[in-house]
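Down below is the structure, laid out as structure tokens.
The values are calculated or read from the model by the stated rules, or taken from the named source; none is laboratory data. Computed from a predicted model, the values in this text were never measured in an experiment. No Cβ is skipped: glycine too gets one built from the backbone with ideal geometry, and neighbour counts run over all protein chains shown.
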Amino acid sequence: MIGTIFDLKEFAIHDGPGVRLTVFLKGCPLRCPWCHNPEGLSRIPQLMWKKEKCTGCGDCQQPCDDPVCKKLHRCWHHCPSGALSLRGESWEVTDLADKLRGYAPMLGGMDGGFTLSGGEPLFQPEFSLELLRLLKPAHLCMETSGFANEEIFGKALNLLDYIIMDVKIADPALHKKIIGVDNAPILNNVRTVLASQKPHTFRVPLIPGITDTKDNLTAISNLVGDSKVELLEYNPMAPAKYKMLSMDYPLGEVQKKQDFDRVSLFANATIMRM
Ligand code: SF4
Ligand code: SF4
């Protein structure tokens, strides 16, 4: 079974308990205009170009037999300065699990384990579920938007030791307008997490003028109760990555952040950098 990933991050300390190795799966059905992982949106491999490293040598225009380079009409293997890199690599799930298992004793010794992130890991449901099964008995966590059908989400939850789930916009019409999908499955899966008693954290991005309003944060607070919540400050560095991928940054200028105490709206929240 083949899946597509765009990064493996070693020694991650913000992706679940302890020290972790995070697998970033490529592809997401949501379109949050503030997304700071634009290379995770499409399932298709993409080239990332760092202008400041490019010497203009033209070597990337050389013919290359690699099927990905052929498709992209540019060869990243030939770049001598590291200006060009590929985001999106296909892996057979058993090969990836074999590679990752080598890290398990070390991660276990640091009270950590493996985290699946993205993109949206449940956008490649069979691959993610199989990877989780193969990585057991390591400590397993997932960072998810929660946008998945009930059955897939339930199967993932059963395999996980910890779940980190975004809750972005409570109002259905606003969610659809801004993010492009219905939030009913997400709200349903939030309730599933709450009922499961599975250790969890909900994450709420604080996007000025969009998610950062008193109405939205109050509604989310009412939904998640006394669960642990991380309020993620808007990341102003996000637009730079879009340029490297030749993509437009959809959010544009952000408004000033709200001036009320956002943490106090929740029973158990802290503010973090995104
Ligand atoms: S090979 Fe690398 S350094 Fe040379 S032009 Fe292409 S991107 Fe720039
Ligand atoms: S759910 Fe996450 S990966 Fe998907 S668009 Fe939103 S922020 Fe980006």
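Summary of computed values
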{"item": "Exclusive hit being among the hydrophobic types (A, V, I, L, M, F, W, C), out of contact with any strand residue (DSSP E or B) (no Cβ under 8 Å at 6 or more places or on another chain) and either farther than 30 Å from residue 53 by Cβ or not assigned by TED's automatic domain parsing to the domain that holds residue 30 (or both), set 152, 163", "result": "152"}
{"item": "Residue in segment 145-203 that is farthest from residue 122 (Cα to Cα), counting only those that are among the small types (Gly, Ala, Ser) and assigned to a helix (DSSP H, G or I)", "result": "173"}
{"item": "Residue count for segment 67-115, restricted to those that are among the small types (Gly, Ala, Ser), free of Cβ contacts under 8 Å to residues at least 40 places away in the same chain and out of contact with any Leu (no Cβ under 8 Å at 6 or more places or on another chain)", "result": "6"}
{"item": "Top-ranked residue of segment 55-71 - restricted to ones that are hydrophobic (A, V, I, L, M, F, W, C) and under 30 Å from residue 31 (Cα atoms), ranked as farthest from ligand 2 (Cβ to nearest atom)", "result": "69"}
{"item": "Filter result (within 6 Å of ligand 1 (Cβ to nearest atom) and in contact with a Cys (Cβ under 6 Å, 6 or more places away or on another chain)) within segment 48-67", "result": "60"}
